[in-house]
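Below: one structure, written as structure tokens.
What follows is calculated from the coordinates using simple rules that are stated; it is not laboratory data. Everything quoted here is computed from the prediction, not taken from an experiment. Because the Cβ atoms are built from the backbone with ideal geometry, glycine has one as well, and the counts that use them run over all protein chains shown.
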């Protein structure tokens, strides 16, 4: 359980990140940022020209934490820490992002088939208006060779459509993973070792 500074806001829509925080007995409130493609988003998750994947995932995580802290102040919420994260699947030096539709998911999975790729997962805690601490986890995931029928069935399940790289290691996508080097929770979307380190540094009593 948390002590000292028990109020934590999670600036994320992700049910997986909520699940992972509960796994380590962290109490939190969800602080939703706007992520509507039609009305605009609080944080535009678009790589800049020539931006390296590591720089991109770090920048987006910092922007989410900064925006979450700003939204908490605007909404008159009780002061607390704001936790934000971002996870990107990287292959051939390119961050794939999330597929926009089934065709994009199929293309991503075909590209990842039979290969190893890097998963970058950053987590940040905003402790004040300009005070943000950040950590980055790197993992390597290898997928088996996927035949077109497997890809089609998986995409039709709907699972890949809101996942970085178009697969979920905690779901049906686990059937494709032959090897993982690094952090399972980071590939899910929140590196728990790094998250716990940040929280302990800010007054949370964790095991």
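Of note:
- Stretch gain in nm, segment residue 184-residue 13, where the contour uses 0.36 nm per residue and the Cα spacing is subtracted: 59.6 nm
- Counted by neighbouring Cβ atoms within 10 Å, the residues 108, 77 run from fewest to most as 77, 108.
- Gain in span if fully extended, residue 156 to residue 34, counting 0.36 nm per residue against the direct Cα distance: 41.2 nm
- At an R0 of 22 angstrom, the distance between the Cβ atoms of residue 101 and residue 144 translates into a FRET efficiency of 0.35.
- Here the contact order of the chain, divided by its residue count and restricted to Cα pairs under 8 Å and six or more residues apart, works out to 23 percent.
- Most mobile listed residue (90, 57, 151) in the chain, GNM with C-alpha springs under 10 Å: 151
- Compactness of the range 88-134 as Cα Rg over 2.2 N^0.38 Å, two decimals: 1.60
- In terms of surrounding Cβ atoms within a 10 Å radius of their Cβ, 167, 184 rank from fewest to most as 184, 167.
- Ranked for footprinting exposure by Cβ neighbours inside 10 Å, fewest first, 101, 133 give 101, 133.
- Between the range 136-160 and the range 10-32, the alpha-carbon centres lie 25 Å apart.
- Kirkwood hydrodynamic radius of the chain, from inverse mean 1/r over distinct Cα pairs, in Å: 17.6
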